[in-house]
Number of protein chains: 2
Amino acid sequence: MADAEAFVALTPETLPTKLGGLDVLKTRIGSDPSAWRVREVGDGNLNLVFIVEGPAGAVIVKQALPYVRLVGESWPLPLKRSYFEYNALIRQADRDPGMVPEVFHFDRAQAIVVMEFLNPHIILRQALIRGEILPKIGKDLGRFAARTLFRGSDLSMSARARKEDLALFADNVELCDITENLVFSDPYFEAELNRHTPQLDGLVAELRADRDLKVEAQALKHLFVAKAETMLHGDLHTGSIMVTKNDTKVIDPEFAFYGPMALDVGMMLSNFWMSYFSQRGHEESGSRDEMRRFLIGVIDEIWETFVAEFSHLWRTERTGILYQRSLFEDRGDALGAELALSRVLGDIWTDMLGFAGIEMHRRILGLAHNADFETIADLDLRGACEAAALKFGRHLAVNRRSITGLTALAGLAERLDRGDIQ
Amino acid sequence: MADAEAFVALTPETLPTKLGGLDVLKTRIGSDPSAWRVREVGDGNLNLVFIVEGPAGAVIVKQALPYVRLVGESWPLPLKRSYFEYNALIRQADRDPGMVPEVFHFDRAQAIVVMEFLNPHIILRQALIRGEILPKIGKDLGRFAARTLFRGSDLSMSARARKEDLALFADNVELCDITENLVFSDPYFEAELNRHTPQLDGLVAELRADRDLKVEAQALKHLFVAKAETMLHGDLHTGSIMVTKNDTKVIDPEFAFYGPMALDVGMMLSNFWMSYFSQRGHEESGSRDEMRRFLIGVIDEIWETFVAEFSHLWRTERTGILYQRSLFEDRGDALGAELALSRVLGDIWTDMLGFAGIEMHRRILGLAHNADFETIADLDLRGACEAAALKFGRHLAVNRRSITGLTALAGLAERLDRGDIQ
């Protein structure tokens, strides 16, 4: 058992000694570990993250801790999340090459993943708060979603390999539990860990009394736990994406598990919509109109790219046990396969909207808030931005079956954002 | 590893020596194994089944073989199916006590389950072919479905236990593969193992050209592989049920896995509908009108009992992570929980009809046929019975979203059966 070896948390001082014997690191950093420079830079909620630099280059050393870093030892969280992160990273690298950091070394007992140092990348959420236009982001993320979701499913994999991965990631109980509680349930009642901007009190009470919304949130939770379609990233918000103008990388897949295809797409779009609703709060010296147009464009582009790439893979890589070619193309019935594709994409669309709506609520009403809104110092302004997002999210979640396209949603978002309707 | 011990198939001659040392058997059969009487009675497609009798009583010894018994060593099938059967039996016994044979002993390496000898039970399908009225069957099966499906899901279990069972049964790849191919795909193209009554040639060609039906069958397969809601029996037809007038037992759960709640219910109702459509073929000396009324009544009773018991468990045992009481009853919103129940049951209804339709097709067009139809010697008559069932099944599968209740279906079945419509 790998777990029998005692876990020891790394420090900047001990890291060169502990990892200095690895050739793969000496090659990438420098052959003399005593000359490595180590900085701990983890700003997330869960893990230690070190940048290790030397004459030959730099790497990232990420180590899980046996508890939630943000909270402390009172909230234990198993080290095995590192194992799921590693397994997700190597699968994503295979399914959409170049879109995740390269893994150089994995140590299961010490919960360490050594990987590519992304430089000069910054977190996408920070770029969006600054108002940066990123020309490649929509296409990159749409393709990433299509490729990872399609290629991790029974549309592509052998039934045996897919079921083996289902079983592997089914052990990621504790991180799924975080999502099950913090995303789908806590925002809709007075759970202990919740917090929200005081200006929202009235709206929050209204949402928590909204029976249709609660039922819909639980129906989406039902999909989350029981629609085991594909390997998801599981936490694909704009804080899990690093960017330059010309490059996009998806990081931190430790929430990976087998769930509904629509979740990753919905969580991404939701975080772009939240960025949209937060722009007014960052409009210090002039207009963010161009940024708003960019964000609406990115949302369109992610979805359209996802549909186009998923459809391409459907037509060219459908080698799994679902919607087999032997029933359609091989019998001269390509149309049947296209109609089935349309149904599958229709289901993803409907569920995607629901997950997007719920994600907006939990980021404003639950434990884990977004810097997009949190960095708006004026609480009245912050509350106004958040209120528009909450109402938009409620519409997405409850009316998702009758929403026909993104254009109408962009119009609604604009009117809510301007305060034309409340 | 349990599998390291060499597997040896039992024979009536070797069985007393191999199992004679087990106290649990000596107590139930007789203390002198040399006095045990052993008969091999397996009439299924896959396994060895022995009745072992002695002065103290009798037991069933079921042993898997490393291949499909019906076909031979050319179709290998792993011994581990016995492990899944054992695990399913003990869970079902816990979830609906008294409805499955009691397990006395399990040997994983030898793939042996020793269990209760059901006497004077006969296979339900045989009873229905004979025209026997069974007054308890509808309530027993409706309750069994509700209790096993509810109690194996995230509505009831802890998230950890549910995910552990998901992973355990995810290894039942080979038996799932049988269903994935033989039920959902092979019937809809000219697969090698298919056969059908020659009188159906025209209708079979029509169904295999039916694009909507093919797409629907694959959409149902998509649910089968990816809607991992609960531990299913997985093969719950009338040949997997043993009965007396006063007792019902469900046997042979080796196809158990985590799948959609609707599958077990749909497969059961489908087999009662097939019995209905086959009655005309067994109407030798007078009328089966009473039997037909009984079967329509059983179908109603299974569904109504399922709904009533599932609703009862929803109100009294909803202790899992889905539709938590903390969001509904605990906040004075019992109505919200009832509306959510109505949605969950509505989804089960719709999917159940689809699975029922597909099951009718695969039993008439695929590899594994039903004795209900196969025992009708007159091929014209058999074909007429099967044609009505195929048309009824096509309606269930394709129009399942707009079918509102069982009464209209009973009327349609009657008109198809009488030849009023074709």
Dipole of the protein assembly as shown [Lys/Arg +1, Asp/Glu -1 at C-beta], most positive-end residue of B:413, A:159, A:348: B:413
Cα-based convex hull volume of the protein assembly as shown per residue, rounded to whole Å³: 184
Dipole of chain A, positive end: most advanced residue of A:100, A:79, A:326 [Cβ charges, Cα centre]: A:326
Three-way shape label, segment A:2-116, alpha-carbon gyration tensor, a/c 1.5: oblate
Shielding by partners, peptide B:187-195 (average Cβ within 10 angstrom, other chains): 2
Segment B:32-174 - convex hull of alpha carbons, volume per residue in Å³: 151
Cross-link reach list, lysines versus residue A:163, counting only Cα pairs under 17 Å and skipping chain neighbours closer than eight places: A:227, B:80, B:163, B:221, B:227
Dipole magnitude of chain B, debye to nearest 20 (Cβ charges: Lys/Arg +1, Asp/Glu -1, about Cα centre): 580
Cα-centre dipole for the protein assembly as shown with unit charges at Cβ (Lys and Arg positive, Asp and Glu negative), debye to 20: 380
Cubic angstrom per residue, convex hull over Cα atoms of segment B:273-417: 129
Spatially proximal lysines relative to residue A:139 (Cα-Cα < 19 Å; intrachain offsets below 8 disregarded): A:245, A:249
Unit charges on C-beta of K, R, D, E only; dipole of segment A:297-422, Debye: 460
Partners for residue B:26 among lysines (Cα-Cα distance below 21 Å; same-chain residues under 8 apart left out): B:18, B:62
Percent of beta bridges antiparallel (DSSP, segment A:2-116, rounded to nearest 5): 100
Share of carbon and sulfur in the accessible heavy-atom surface of segment B:122-418 [1.4 Å probe, %]: 50
CD proxy at 222 nm, helix term only [per DSSP H run n ≥ 4: -39500 (n - 2.57); per residue of chain B; nearest 500]: -16000 deg cm²/dmol
Residues with amide H under 5 Å from that of residue B:65, placed H, sequence gap 5 or more: B:48
Solvent-accessible area of residue B:351 with every protein chain in place, 1.4 Å probe, in Å² to the nearest 10: 20
Which of B:189, B:209, B:169, positive extreme of dipole for segment B:166-209 (C-beta unit charges): B:209
DSSP bridge orientation in chain B - percent antiparallel, rounded to nearest 5: 100
Other-copy label distances relative to residue A:160, 7 angstrom Cα-Cβ extension, nm: 3.2
Ellipsoid equivalent to segment B:142-233 - semi-axes via the Cα gyration tensor, in Å: 34, 14, 12
Global form of chain B, assessed from the alpha-carbon gyration tensor, a/c cut-off 1.5: oblate
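The values are calculated or read from the model by the stated rules, or taken from the named source; none is laboratory data. Remember, it's a predicted structure, so these values are computed and weren't measured experimentally. Cβ atoms come from the backbone with ideal geometry, glycine included; neighbour counts cover every protein chain shown. Keep in mind that these areas ignore ligands, DNA and RNA; they rest on the heavy atoms of the full protein, side chains included. Shrake-Rupley method; radii C 1.70, N 1.55, O 1.52, S 1.80 Å.
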